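Worksheet: the structure to be examined is printed underneath.
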Amino acid sequence: MDRSLYIAMNGAKQTLMAQSANANNLANAQTTGFKSDFEQFRAMPSFGPGYPSRVYSMTERPGTDLSNGSIYHTGRELDVAVEGQGWIAVTGKDGKEAYTRAGDLRLTPEGLLQTGAGLSVLGEAGQPIAVPPAQKVEIGKDGTISIVPQGVNATNTVLVDRIKLVSVDPANLEKLEDGLMHPKQGGVLPADANVTLIQGSLESSNVNAMAAMVEMIELSRSFDMQSKVMKDIDENAAAAAKLMQVA
């Protein structure tokens, strides 16, 4: 069998993997605070006995686009958008502290403050924020959460907690499989009092839907080309086998 078949097969496989990453970006074009992933191909020579021979391709994710999405007004009291650079601290599915820009917050029946994805929002002490029964909840620009307890005058407000907001060099963050941002060096980040929120607003995804659609078409054409190469190799092998039978 012609070894070029393996190169074409590898190219088709890696193209599908790139398509999967691009499709995930496109699927999250309307997800609040989503950060798109980069993807690229890299040439990988085949090493072994003797000199490196054929060159294969490898799809890799070199990083995440951490540019800010656009801010749009919702008027909802629990919606917040991080102003400028900064992140909201939440508890990931694994129970560890992680960071997000998704400010579509909500209260559970138990009073826990969570994101729209069901992640608990952390206070300055690093613990999930619990809000007592209240007739009104307000989130300040600095992340402070104030409530008007049930059964009291509307002018009597009580400070509950303050959302943990952090700031970090984007080069020191990485997105893991949970879709959240984590420090590359591990551990947790300290709260930064300089990070502020925009009340009644949300940050949209930073995915460029048009660019993602164009890339999807390009990757589809690349996959078709690799498939055609495999078909041509198969036809050539069949023709060579037929000639050998005649000989």
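Here are some notes:
- Under 23 Å from residue 13, Cα to Cα: lysines that are on another chain or at least 8 residues apart: 228, 231
- Calculated FRET value between residue 138 and residue 70, using beta carbons and R₀ = 22 Å, to 0.05: 0.35
- Average Cα contact separation per residue, the chain, under 8 Å, 6 or more apart, as relative contact order %: 27
- Long-range tail of P(r) for the range 70-204 (Cα pairs > 25 Å, %): 22
- Rolling a 1.4 Å probe across the protein heavy atoms gives the range 107-166 an accessible surface of 50 Å² per residue.
- Stretchable slack from residue 211 to residue 108, in nm (0.36 nm times residue separation minus alpha-carbon distance): 33.4 nm
- Vicinal HN-Hα couplings computed from phi for the range 208-217 (Karplus, 6.51 cos²θ - 1.76 cosθ + 1.60; Hz; Gly/Pro x): 8, 4, 5, 5, 5, 5, 4, 5, 4, 5
- Using the Cα coordinates of the chain, the gyration tensor eigenvalues translate into equivalent-ellipsoid semi-axes of 52, 18, 14 Å, sorted from longest to shortest.
- FRET efficiency for the residue 154 to residue 38 pair, using the beta carbon distance and R₀ = 51 Å, is estimated at 0.55.
- The separation of the range 1-32 from the range 213-247, counted between C-alpha centres, amounts to 18 Å.
- Residue 94-residue 13 pseudo-label distance in nm [points 7 Å out on the Cα-to-Cβ vector]: 2.6
- Set of the range 76-119 residues, backbone N closer than 20 Å to the point 7 Å along the Cα-Cβ line of residue 171: 85-87
- A cut-off of 5 Å between modelled amide H atoms, ignoring neighbours fewer than 5 places along the same chain, links residue 144 with 163.
The values are calculated or read from the model by the stated rules, or taken from the named source; none is laboratory data. Values in this document were obtained by computation on a predicted structure and should not be read as measured data. All Cβ positions, even for glycine, are placed from backbone atoms using ideal geometry, and neighbour counts span all protein chains on display. To get the accessible areas, we keep the full protein, side chains included, count just its heavy atoms, and leave off ligands, DNA and RNA. Shrake-Rupley method; radii C 1.70, N 1.55, O 1.52, S 1.80 Å.
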